[in-house]
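Notes for the one structure printed next.
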Number of protein chains: 2
Amino acid sequence: MITFIGDYTVRLDSKGRLSFPAAFKKQSREAVQDGFVLKRDLFENCLIMYPMEEWERQNKIIRSRTNPYNKEHARFLRMFFSGTAEVSLDANNRMLVPKRLMEYAGISDEVVLAGQSGKIEIWASDQYGRVSTADDDFAAMAEKILGGSIDEQDR
Amino acid sequence: MITFIGDYTVRLDSKGRLSFPAAFKKQSREAVQDGFVLKRDLFENCLIMYPMEEWERQNKIIRSRTNPYNKEHARFLRMFFSGTAEVSLDANNRMLVPKRLMEYAGISDEVVLAGQSGKIEIWASDQYGRVSTADDDFAAMAEKILGGSIDEQDR
DNA sequence: TAAGTTATGAACAAAGTGGGAAAAAGTGGG
DNA sequence: CCCACTTTTTCCCACTTTGTTCATAACTTA
């Protein structure tokens, strides 16, 4: 599995292209060849970028947990798969983000690409500052998620 | 697991590079090859430097305890992974600290690298002086954290 | 003092940024 | 339904900035 590390601020040029940081390119190795999938995030006003390989993995997970003949599931699947686009990098490591997705994420000229294990989040930079800094909730969340029962060897 | 011991003051050169103390290099052995991950500390104005191996270990723990399709978990993951960067040492044992991280830690020309078992803390030297000198709280904290219930075999 | 290590600066390579022009896709009128 | 026209996308090339490597000088340490 590809794991992306780091967050980078890049600005869109006049044509709405954004250049993909070299660090991410190195981290994705040959997988850049297969392209990426861009998608609206389920919860927040941002976009998620999956390498094709990871997208397929996530797909399997979703499919294994849903039944398309169930009406509610069908609605969920429709929502889940709406707002996706396949993108690829040009010779200068840039990609063109479709307009409707840019609008969804409120992206105009400066964006943050934030690596998060298998995927990359894409935020309008002003919004990212707000959501990414640890607030009072964080300590509580951390304790709830990680606290309590860490095994001895994991410390 | 790699254990770092000691704290060292180094100054940045004109390009913002800092030379990694030889002692730490010895302590990290072959792990230097794999590079390091730099990260903002969640609560203090400093940076944390993990050998890749240690970073992956932490990652595994986090991933195994979170589900990115859970809204609260997703927020936690975002905060946890924000402000990271992958760095490596050049042929002269120097590393380039990304600007945004330097700004975060208030680093301009002199920093302290402080070993702390699996990781290294990086502080602007003027700030480190303030936090590292034992104040009155320290004894009390020590007692509160360590004093109570240490198991027999840990003494 | 010699060998190794650390610091500094210059030269080079790579990444980021911007724009021109060709190709493709979309739009409207006859 | 086809043709001209506009808009969007893609492919190049050039320039600026940033990061990396290399060479040399200064310093430690045995």
Which condition does B:Leu12 not pass, out of (1) within 14 Å of DNA strand D (Cβ to nearest atom); (2) touching an Asp or Glu at 6+ places or on another chain (Cβ under 7 Å); (3) among the aliphatic types (A, V, I, L, M); (4) modelled with pLDDT of 90 or more, if it passes all the others?
(4)
For A:Gln58, work out the one condition from (1) away from chain B (no Cβ under 13 Å); (2) more than 12 Å from DNA strand D (Cβ to nearest atom) it doesn't fulfil.
(1)
Residue check, B:Asn70 more than 7 Å from chain A (Cβ to nearest Cβ) and in contact with a Ser or Thr (Cβ under 6 Å, 6 or more places away or on another chain):
no
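Which of the residues belonging to the stretch A:78-104 are more than 16 Å from DNA strand D (Cβ to nearest atom) and more than 14 Å from chain B (Cβ to nearest Cβ)?
Result: A:Arg78, A:Phe81, A:Ser82.
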A:Ile107 passes all but one of the listed conditions (1) more than 14 Å from the chain's Cα centre (by Cα); (2) more than 14 Å from chain B (Cβ to nearest Cβ); (3) away from DNA strand C (no atom under 16 Å from the Cβ); (4) of a type in the set (A, V, I, L, M, F, W, C); the exception is number (3)
Which of the residues spanning the stretch B:6-60 are outside any strand (DSSP E or B), within 15 Å of DNA strand C (Cβ to nearest atom) and touching a residue at least 60 places away in the same chain (Cβ under 8 Å)?
B:Gly6, B:Leu12, B:Asp13, B:Lys15, B:Gly16, B:Phe20, B:Pro21, B:Ala22, B:Phe24, B:Lys25, B:Gln27
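Right, B:Leu113: within 16 Å of DNA strand C (Cβ to nearest atom) and of a type in the set (A, V, I, L, M) or not?
Values: within 16 Å of DNA strand C (Cβ to nearest atom): yes; of a type in the set (A, V, I, L, M): yes.
Spelling it out, B:Leu113 is indeed within 16 Å of DNA strand C (Cβ to nearest atom) and of a type in the set (A, V, I, L, M).
The values are calculated or read from the model by the stated rules, or taken from the named source; none is laboratory data. Keep in mind that this is a model prediction, so the values were computed, not measured. Neighbour counts are summed over all protein chains in view; Cβ atoms, including those assigned to glycine, are modelled from backbone coordinates with ideal geometry.
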